[in-house]
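Below is one structure; the comments refer to it alone.
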Amino acid sequence: MTYDLVVVGGGPAGVAGALTAALAGLRVALVDSGLRLGGQYFRHTQDAGQHPGHAPALDRFLRQAGALGTRAEVLLRHQVWSVSREPDGDLLVHCATRAAAVTGTAVAGAAVIGGAPTGALGERAVVLRTRRLLIATGAHDRPLPFPGWDLPGVLTAGGAQALLKGGGVPAGRRIVVSGTGPFLLPVATGLAEAGVRVLGVYEANGGLGLARHPLLALGKAGEAAGYAAALARHRVPYRTRQAVVAAHGEHEVEAVTVARLDKDWNVLSTRVVECDAVAVGYGFVPQVELGTQLGCATRPDVDGSPVLRVDATLRTTVPGVWAAGEPVGVGGWRLAELEGRLAGRAVVADARPTLVTSTTRTTRTSTATPPPGDTAVVPGVFARRHQRWRAFGEALQRAYPVQPGWQGWLRDDTLVCRCEEVPLARLREARSLGATDARSVKLLARPGMGWCQGRVCGYAVSCLAGEPQPQPPRRPIAQPVTLGALASLATPEPTADADATADATAGAAPGEPHDDHPAH
Amino acid sequence: MSFHITVDGRPVPVTPGQTIGAALHAAGVRAWRTTRFGGRPRGLFCGIGVCFDCLISVNGRPPERACLLEAQPGDEVTTA
Ligand SMILES: Cc1cc2nc3c(=O)[nH]c(=O)nc-3n(C[C@H](O)[C@H](O)[C@H](O)COP(=O)(O)OP(=O)(O)OC[C@H]3O[C@@H](n4cnc5c(N)ncnc54)[C@H](O)[C@@H]3O)c2cc1C
Ligand code: FES
């Protein structure tokens with residue numbers, strides 16, 4: 001059988017989109033590589049998931065995730081490595097998993113085609129057939145290389161956050177937080193509140209300090225004040241125009257060099273700070289490869305990163321494919337969740353046109369002629385909120401650019417690519433041989449050709465190659481997949497259509513079941 | 001209830017739902033493999049399955065990402 005919608009990503013965007021569509025009676029599957037739903041923002045320990053009563057936003061998310069579990073197929077620990085188009089227009093979502101085969105729920109099994117038993121490598125291929133796809137794959141950290149950044153104990157800011165939120169483990173006992181962007185604040189606050197020493201937050205941009213943090217100017221006074229108060233309470237210094245420019249240690253990080261920077265991030269002076277862990281992050285890289293694989297057009301985000309181009313209903317340029325959250329532009333979890341809902345509504349409108357028009361007609365207040373399609377799907381109030389929050393996300397990104405001076409922090413032997421262990425000197429060599437873009441540098445010096453496929457070093461390589469802005473990824477597959485999983489794909493057996501099940505559940509209206517956003 | 005896994009024969013406590021990577025980190029084990037060329041130590045870096053720094057062999061299986069893999073009672077982990 002065929003799903004009406006497959007959602008890739010179980011963060012705020014994916015869960016909101018999947019739930020909106022499932023409540024409208026669509027047959028929905030959501031796939032995530034993680035152990036639990038939540039994505040990055042709502043990542044939680046198993047215990048927090050079982051005993052709610054922590055943060056109101058997380059509790060609300062957990063209720064939604066619970067509701068989704070009863071109405072849709074939720075495939076955790078399933079990593080999507082590619083999506084392909086069938087001649088009849090359906091999409092095949094190719095996953096690899098080590099999880100035990102799904103059983104139990106109504107649509108399970110029937111929709112999963114080509115699932116093969118666990119092979120010698122323990123990895124199984126699972127293929128889902130669907131009419132529509134929602135890409136809600138989020139983002140990953142954007143690290144910048146510096147001497148010693150590959151020492152154990154140096155983590156990305158998001159990595160330290162994920163370790164704390166998902167595992168309950170602080171990255172160290174004496175931690176330095178560095179990089180740029182508002183995300184450094186929750187990372188430092190979380191660690192300090194977990195009871196470890198945060199020796200300092202070093203923000204490479206700015207110069208104004210917390211009292212004039214851009215969050216304030218953007219109407220997020222409460223949020224900024226909350227972080228400021230928490231950092232003050234734990235006596236965590238917040239220093240702007242400073243950054244970790246080197247990490248030192250034999251087998252693990254033992255100290256870092258913190259530099260004062262000019263506005264282009266050239267080093268003015270340095271000092272050494274002893275520590276046992278570092279959390280560094282210079283913003284995020286949206287994960288767009290499932291979209292680019294299918295031919296979705298991209299546009300440069302504020303910081304130049306390629307993001308998927310979408311219309312007001314979050315539809316990409318490829319028929320049947322929607323995207324929401326960080327893959328369409330970095331802007332935080334609230335925006336991601338809103339976009340997930342809007343995309344969910346658009347998918348419902350596409351699948352059941354009569355349902356959506358009949359419910360939105362009663363609520364539409366404007367008498368102006370609506371442009372065809374969009375306002376029925378995205379009522380004005382949502383469209384305006386969406387624009388406002390998107391603008392907020394863009395303003396934050398503009399306030400925290402990456403400045404070129406970081407390239408001066410590197411030494412000849414600093415690894416730029418951690419996987420293939422390519423030092424700066426080899427990239428320089430490639431450039432001197434005439435390589436002036438990331439692709440030709442890659443062919444000559446092999447950065448970005450290892451396991452991570454350039455996700456970690458891609459931005460840095462692009463800058464060091466002298467590209468004006470990073471190009472969209474051209475990875476043939478979105479995730480490395482084992483030969484075992486590929487082999488088990490060899491004999492997919494499409495199963496009989498099972499349309500009957502959908503109509504039985506199609507009664508629910510596409511309402512706004514989870515419209516209780518906080519006011520800000 | 002918490003349980004143990006073994007790391008090179010040594011018991012390491014695990015809170016249910018923790019990944020192998022989180023359990024190792026909590027026990028102060030922050031590097032568990034070395035790189036192919038430079039022999040440099042590696043452990044967690046991105047924490048979310050993107051960087052592949054954290055590859056580890058559990059129960060003799062081929063390497064998997066420690067940051068994504070949930071620890072199970074009785075797991076035997078070998079570091080390089
Ligand atoms: C490591 C990290 C930690 C972060 N922590 C915070 C935080 O604490 N606070 C904060 O305000 N912001 C945080 N952010 C920013 C975060 O991106 C947003 O706040 C928000 O989570 C975005 O929501 P989303 O739904 O777009 O994506 P996400 O929440 O990132 O969800 C995307 C989901 O898609 C899954 N996925 C991606 N690709 C695949 C695939 N190929 N196959 C299967 N599943 C896939 C991922 O496992 C993930 O669960 C963090 C970002 C990162 C990278
Ligand atoms: S820490 Fe990056 S993949 Fe596990």
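Before moving on, here are some points about what is shown:
- If you wrap the Cα atoms of region A:272-356 in a convex hull and average its projected area over all directions, you get 7.9 nm².
- The listed residues A:THR189, A:THR354, B:THR78, A:THR45, once ranked by accessible area (1.4 Å probe) with the largest placed first, stand as A:THR354, B:THR78, A:THR45, A:THR189.
- Within chain B, chymotrypsin sites (Phe, Trp or Tyr not before Pro) in DSSP loop having at most 13 other beta-carbon neighbours inside 10 Å: B:PHE37
- Remark on region A:283-323: Rg and Dmax equal 9.9, 31 Å (Cα only).
- Protection proxy ranking of A:154-165, A:7-18, A:260-271 - average other beta-carbon atoms within 10 Å, highest first: A:7-18, A:154-165, A:260-271
- Sequence ranges A:294-305, B:4-15, ranked by mean other-Cβ count within 10 angstrom, highest first: A:294-305, B:4-15
- Proximity of backbone amide H atoms, modeled 1.01 Å from N, is registered between A:VAL422 and A:VAL416, A:CYS417 at under 5 Å, excluding neighbours fewer than 5 places apart on the same chain.
- Per residue of A:338-347, other chain Cβ atoms within 10 Å of the residue Cβ number 0 on average.
- Counting only other chain Cβ atoms within 10 Å of each residue's Cβ, the peptide A:157-166 averages 5.
- Per residue, the convex hull spanned by the Cα atoms of chain B measures out at 81 cubic angstrom.
- Averaged over the residues of A:443-454, the number of partner chain Cβ atoms lying within 10 Å of the residue Cβ comes to 2.
- Compactness of region A:395-460 is given as radius of gyration and Dmax, 12.8, 39 Å, from Cα positions.
The values are calculated or read from the model by the stated rules, or taken from the named source; none is laboratory data. In this text the structure is predicted, and so the values were computed from the model without any measurement. Neighbour counts run over all protein chains shown; Cβ positions are idealised from the backbone, glycine included. Please note that ligands, DNA and RNA were not included when accessible areas were found on the heavy atoms of the full protein model with its side chains. Shrake-Rupley method; radii C 1.70, N 1.55, O 1.52, S 1.80 Å.
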